[in-house]
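Following: one structure in structure tokens, then a few remarks.
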Amino acid sequence: MDPKKMDIFDMVLFSVCGMVVLDTVGASAAMGVNSFTLWALGIVCFFLPYGLICAELGSSFPQEGGIYVWVKNAYGDFLAHMTSWFFWINNCFWIPSVFVLFSGIMSSIFWPEMSPFHQMILGIVLIWVSMFLGIFDLHISKWIPNMGAILKMLILVILGGFGLIYGISHGFANAFTWQGLRVDWGATLAYAGIVVFNFMGFDLVSTVGSQLRNPKKDIPRMIILAGILVAGLPPLACFAPSPRGKSISSQGSQTLSRLCLSRCWACSTYGSLKC
């Protein structure tokens, strides 16, 4: 076995780090009890078909490039280039926005007097750090997504675990009833995009197909293992209750801000993918 190649363990953590999004935990919890219904619908209607498609394409076309290679084989160079460009331009705006959020959170916790200018400088520095880390081969820098995935899983397990303990001892903020599980499409349909967003990213590992040890065998296995974690961990955090009279989304942001370093590791993972 080539120690420089990613094994199934690295692939699972790589996907978990790229797919589990801590930013949306507060919004998911704010949906209330019917968020579990939306998660279940998302798993059946989107997550499972999406995972099966990525498993089939990733194992059939294990070359470096991922979705670019898939589109090129099916529709030709032009649409493949367009797909790659849309993928790239999305991250050009998304990654800086995350670092701007990171800078604001760091400021509110550690340096309340930090000016917006210095927050902007911190965000720019973090972007360049991510670009520098992306220079290295993935077998050197894979500890970054591995650590990010472990931290994210710990955060969600702790958040959900303490929420369950508090809810069992003092009662949950929202009653878990069949009526509560019914989706009010007028009020909660806007959150459906958040659920879908949390399920996207199985194709990421295929972009580094040449650095995978056995992509034909490991990609389907990775999708099963990572899928269980990605589908199970974010809803677990929704158990974290909010005391009546306080905003669950503000509580979630305060909790996540104290642990937001893991979000920085996740952004570094995307920096590695874009090189």
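Values quoted throughout were computed directly from the atomic coordinates according to the rules given, and no laboratory measurement underlies them. Here the structure is a predicted model, which is why all the values come from computation and not from measurement. FYI the Cβ positions are ideal-geometry reconstructions off the backbone, even for glycines, and counts take in every protein chain you see.
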- [ ] Compute the signed sum of charges (Lys and Arg +1, Asp and Glu -1) over the other residues within less than 12 Å, Cβ to Cβ, of Ser206.
- [x] -3
- [ ] Tabulate in residue order the Karplus-calculated ³J(HN,Hα) for the range 150-158, using 6.51 cos²θ - 1.76 cosθ + 1.60 with θ = phi - 60°, rounded to whole Hz; enter x for Gly and Pro.
- [x] 5, 5, 4, 5, 5, 4, 5, 5, 5
Task: Simple label model, 7 Å out from Cα along Cβ direction - Val196 to Phe93, nm - done: 1.6
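Would you please name the chymotrypsin sites (Phe, Trp or Tyr not before Pro) within the range 68-133 that are DSSP coil residues with at most 16 other C-beta atoms within 10 Å of their C-beta? List each step's numbers first, then the result.
Working: sites: Tyr68, Trp70, Tyr75, Phe78, Trp85, Phe86, Phe87, Trp88, Phe93, Trp94, Phe99, Phe102, Phe110, Phe117, Trp128, Phe132; in loops: Phe110.
Sparse-neighbourhood loop chymotrypsin sites (Phe, Trp or Tyr not before Pro): Phe110.
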Task: Calculated FRET efficiency for the pair Val125/Trp85, C-beta based, R₀ 41 Å, to 0.05 - done: 0.95
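Students often get this wrong, so check it: of Lys152/Lys217; Lys5/Lys217; Lys72/Lys142, which have C-alpha atoms separated by over 18 Å? Please list the in-between numbers first.
Numbers: Lys152/Lys217 26 Å; Lys5/Lys217 14 Å; Lys72/Lys142 28 Å.
In this structure, Lys152/Lys217; Lys72/Lys142 exceed 18 Å between Cα atoms.
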Task: Val157-Ser60 pseudo-label distance in nm [points 7 Å out on the Cα-to-Cβ vector] - done: 3.7
- [ ] Would you pull out the residues with amide H under 5 Å of Leu212's amide H, same chain only if 5 or more places away, H placed 1.01 Å from N?
- [x] Met6
